[in-house]
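The values are calculated or read from the model by the stated rules, or taken from the named source; none is laboratory data. In this text the structure is predicted, and so the values were computed from the model without any measurement. Cβ placement follows ideal geometry from the backbone for every residue including glycine, while neighbour counts extend to all protein chains displayed. Surface accessibility is based on the protein's heavy atoms, side chains included, excluding ligands, DNA and RNA. Shrake-Rupley method; radii C 1.70, N 1.55, O 1.52, S 1.80 Å.
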Amino acid sequence: MNSFKKLFSPVDMTVGAPWKNIALFTIPMIIGNIAQQLYNTVDSIVVGKFVGDNALAAVGSSSPIFNLLLVLFIGISVGTSVMVSQYFGAKDREQLSSTIGCCITLTAIASVIIMITGSFIVRPLLELLNTPESILDWCTSYLTVLFLGIAGVAYYNILGGVLRGLGDSFSALVYLLIATVINIVLDLWFVAGLGLGVFGVALATAIAQSISAILCFFKLARMSDIFDMKLKYLRPTKDHSFTMIRLGLPSGLTQAIFSMAMIIVQSLTNSFGEMVIAANVIIMRVDGFAMMPNFSFGTTMTTYAGQNVGAKQYDRVTRGARQGTVMAMSVSAVITALILIFGKYLMGIFTSTTELVDLSVHMMRILAVGYIAMAVTQSLSGVMRGAGDTMTPMWISLFTTVAVRVPVAYGISWLTRTPELPNGRSECIFISLLLSWTLGAVLTFISYRIGRWKKKAIE
């Protein structure tokens, strides 16, 4: 009974073997990210099988726009996670309570802004991106529902981040698994049973995310031994709000930059027609699973570094960074091998169209090796963010995305134009992504070794 209770308790990562702390924290994170990815993947599988390839393209084409308008929440989430992990590591109950209360209120404000803004700009933005007329209405319907239910999506991700900052990745996992099951059941009911199509898929996702957010909130409300959730702490203070934004804004901007680049590249993708759009959707769904361990290790390293920086144990941070990066690269190497061997079977889950499967496999093989490079980027960026240096990863992402990925994608497209291929070769989308990932890993490693992140801890 005590062992079971311990799974749901915060973990102090300032003691014990670094690799063990990292592994025990990352495993629930990976499982949780599998569940998180299932949200979008089940959406794609259900609409692909029960509605058609164009509906599949609609769901995938909507993702970059939705992600772009989530930047406010990403900023709040990252800033909160860094502050929570450092204050928890420093055993500062008052500051910890104020930080959590402040993030709850800021999330409510941001939710209202995004709910109103998102609903109005969806269709004009889709038209601006030359979204094919055949999928325009579906894209609009899907995004409108998601924006109206944005509070549930936002609170799950942010409150889950608070739990992980406290060292509790297991509770967030359990709540997400519950919501994932609900999402799958509702997807099948709304789409296959009621025939609601893309609208039903979005509605199922919004409901399931809201349930997981409520479960996270009740968990935090019961953690009175760690911090206080009182009305006075829900009033945002100037200092906490400023620190949260200062730490989180670079990550929010990074996501905004990445999403803008995705949207620009999506416009290029759209020019290749529905088949390439659908292939891109399938690849991004498989990519979500392939990238998942990297993101999990990145989040783990943020919590690990944050707690140990808060406790002033910098030697321990360095040891953990080395061990965590090696573990992340090893896992990514295995995943890369599996993609290369079983790629055709993975793509076949989403569609029965042979031409679409073959095209998706071809494109995925271009990306495969890049996942090992991303293991380095995510792990060491996580360390820098946990220490309070959120600017360096932002600048690296800005450079590799804006100065490398977008120009390379359009450059290859232009250079490979022929009478048969008036828009160039569609491989340009994935070659540019591989190049940006590889360069990002090199720049992140150099920045970590320089070590300026050691001077960025919250005072």
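Worth pointing out:
- Taken over the range 432-445, the residue count meeting the criterion of being farther than 16 Å from L398 by Cβ, surrounded by fewer than 18 Cβ atoms within 10 Å (Cβ to Cβ) and of a type in the set (V, I, T) is 0.
- Test: residue in the range 366-376 that is touching a helix residue (DSSP H, G or I) at 6+ places or on another chain (Cβ under 7 Å), part of a helix (DSSP H, G or I), open to solvent by 70 Å² or more (accessible area, probe 1.4 Å) and among the hydroxyl-bearing types (S, T, Y): no
- The number of residues in the range 127-140 that are crowded, with 21+ Cβ neighbours inside 10 Å and hydrophobic (A, V, I, L, M, F, W, C) comes to 3.
- Exactly one residue out of T418, T444 is among the hydroxyl-bearing types (S, T, Y) and without any contact (Cβ under 8 Å) to a residue 40 or more places away in the chain, and it is T418.
- Residue list for the range 404-415, filter: farther than 22 Å from D287 by Cβ and either modelled with pLDDT under 90 or open to solvent by 70 Å² or more (accessible area, probe 1.4 Å) (or both): W414, L415
Condition check ((1) of a type in the set (A, V, I, L, M); (2) open to solvent by 50 Å² or more (accessible area, probe 1.4 Å); (3) over 11 Å from V46 (Cα atoms)) across all residues:
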residue	(1), (2), (3)
L188	yes, yes, no
G197	no, no, no
A202	yes, no, yes
A206	yes, no, yes
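Residue-by-condition table, conditions (1) under 30 Å from E274 (Cβ atoms); (2) open to solvent by 80 Å² or more (accessible area, probe 1.4 Å); (3) in a loop (DSSP other than H, G, I, E, B):
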site	(1), (2), (3)
V309	no, no, no
K312	no, yes, yes
D315	no, yes, no
R319	no, yes, no
V331	no, no, no
I335	yes, no, no
I339	yes, no, no
L346	yes, no, no
S352	yes, yes, yes
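- Of all residues in the range 154-185 being in contact with a Ser or Thr (Cβ under 8 Å, 6 or more places away or on another chain), among the aliphatic types (A, V, I, L, M) and outside any loop (DSSP other than H, G, I, E, B), the one that is most open to solvent (accessible area, probe 1.4 Å): I178
- Residue selected from the range 288-305 under the condition open to solvent by 20 Å² or more (accessible area, probe 1.4 Å) and modelled with pLDDT of 85 or more, by the criterion farthest from I30 (Cα to Cα): T299
- Boolean, I182 is of a type in the set (V, I, T) and in contact (Cβ under 8 Å) with a residue 60 or more places away in the chain: no
- Test set (1) surrounded by 14 or more Cβ atoms within 10 Å (Cβ to Cβ); (2) not in a helix (DSSP H, G or I) - T418 fails condition number: (1)
- Filter result for the condition that a residue is more than 30 Å from T26 (Cα to Cα), more than 18 Å from the chain's Cα centre (by Cα) and either assigned to a helix (DSSP H, G or I) or touching a residue at least 24 places away in the same chain (Cβ under 8 Å) (or both), over L143, L188: L188
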